[in-house]
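Okay, so here's the structure we're looking at.
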Amino acid sequence: MCRMLIAAGEIDSKELFQAAIAMAKDETSTHEFNQANGPGSWVHDDGWGIAWLEQDNWQLFKSTTAIFADPQINSFTNLESNFAMIHIRKRMGSETAIENTHPFHMKRNDVGNFMFCHNGYAGETISYCPSFIPKGKTDSEKLFYSVLTQMKKHDIQCSIRNTLSNVETVTGSNVIITNTDKSFIAVKENQYPNYYTMYIGRREKAIVIASEKLDCLKRFIWQSITAGEIISLDHRNLEITSLQK
């Protein structure tokens, strides 16, 4: 169970990290897992990671420290990039370790150059090509490899749908898979729609897609992504496309 966001366009990185910290502290919304004890009771403190583009090249940083307690975020408050992905982890199974911390990166000639992050549970049985060797023990990393395996035969939209159709359906599984040009965001149908819904935030010259509406980001207008939907985001022109089933 995690929180995640991507941002494209003209984004103030300091403002973006303030929003990420608010998500990690569980301060921004009421959902199924904090409704009994209120916001602030479902803290995500098992590490965080950020991927960003520099001249169309991926950069990646991960930490096992809670993002709101990690002084290393000061290195990113003046980040200059037209795209960033931030993932904030709350572990439910595998241990807190760099190898289990998102985002996950894969660059290979047969599949391309992708970053991936996941919020949810994907079950115990996830099939993928044995040429992909997990570094950690999370279902999320295996889910990534399952999508990439599908991409050997199908386009990315079909690969995401095929993969998500084969994973656990009771809890949620939202994924973001990104190359240097576009991001693809999928929200699987689930029984916890408040926690697992994702949102698109629009502002002039900027798009943020996040696990929660981030009202602390100024002048953004938010809308939810429908469960079962896959959308794409073009990093350069900020065009969002709904990919039909």
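The values are calculated or read from the model by the stated rules, or taken from the named source; none is laboratory data. For clarity, every value in this text was computed on a predicted model and none was experimentally measured. Here Cβ is always computed from backbone atoms with ideal geometry, including for glycine, and neighbour counts include all displayed protein chains. Just so you know, the surface numbers come from the protein's heavy atoms only, side chains and all, with ligands and any DNA or RNA stripped out. Shrake-Rupley method; radii C 1.70, N 1.55, O 1.52, S 1.80 Å.
Based on the Cβ-Cβ distance of Asp12 and Ser224, what FRET efficiency does E = 1/(1 + (r/R0)^6) give at R0 = 22 Å, to the nearest 0.05? Calculated value: 0.40. Which one is right for this structure if Kirkwood radius over Cα pairs in Å is calculated from it: [x] 19.2; [y] 22.3; [z] 17.8? Recomputing Kirkwood radius over Cα pairs in Å here picks out [z].
Net charge within 12 Å of Ala24 by Cβ-Cβ distance, Lys/Arg positive one each and Asp/Glu negative one each, not counting Ala24 itself? Once positives and negatives cancel, what remains is -2.
Solvent-accessible area of the stretch 1-155 (1.4 angstrom probe, protein heavy atoms only): carbon and sulfur portion equals 45 percent.
Could you order Trp48, Trp58 so the one with the most accessible surface comes first? Probe is 1.4 Å.
Accessible-area ranking of Trp48, Trp58, largest first: Trp58, Trp48.
Counting only other residues whose beta carbon sits under 13 Å from that of Ile221, what net charge do I get with K and R as +1, D and E as -1? Walk me through the numbers before you get to the answer.
Working: positive: Arg202, Arg203, Lys213, Lys218, Arg219; negative: Glu204, Asp215.
It works out to a net charge of +3.
Averaging the sequence gap over all C-alpha pairs within less than 8 Å and six or more residues apart, then dividing by the number of residues, gives the stretch 96-214 a relative contact order of 22 percent. Pairs from the list Lys153/Lys213; Lys153/Lys205; Lys62/Lys213 with a Cα-Cα gap above 29 Å: Lys153/Lys213; Lys153/Lys205.
Derived scalar couplings between HN and Hα for the stretch 173-189 equal 8, 9, 10, 10, 10, 9, 10, 6, 9, 9, 10, 10, 10, 10, 10, 7, 4 Hz in order, rounded to whole Hz, by the Karplus curve 6.51 cos²θ - 1.76 cosθ + 1.60 (θ = phi - 60°), x for Gly and Pro.
The relative contact order of the stretch 173-224, computed from alpha carbon pairs under 8 Å that lie at least 6 residues apart in sequence, is 27 percent. With every protein chain in place and a 1.4 angstrom probe, the accessible-area ranking of Met92, Met85, largest first, reads Met92, Met85.
A simple count of charges around Arg203, restricted to other residues whose Cβ falls under 10 Å of its Cβ and scoring Lys, Arg +1 and Asp, Glu -1, yields +2. Per residue, the chain reaches -4500 deg cm²/dmol at 222 nm when only DSSP H runs of four or more residues are counted, each adding -39500 (n - 2.57). Entry comment: accessible area of the stretch 29-169 is 48 Å² per residue, from protein heavy atoms only and a probe of 1.4 Å. In percent, rounded to a whole number, the relative contact order of the chain is 21, using alpha-carbon pairs under 8 Å and six or more apart.
Which trypsin sites (Lys or Arg not before Pro) does the stretch 41-93 hold that lie in a coil by DSSP with at most 16 other beta carbons within 10 Å? Intermediate results must be reported in sequence, preceding the final value.
Working: sites: Lys62, Arg89, Lys90, Arg91; in loops: Lys90, Arg91.
Within the stretch 41-93, no trypsin sites (Lys or Arg not before Pro) qualify (loop, at most 16 other Cβ atoms within 10 Å).
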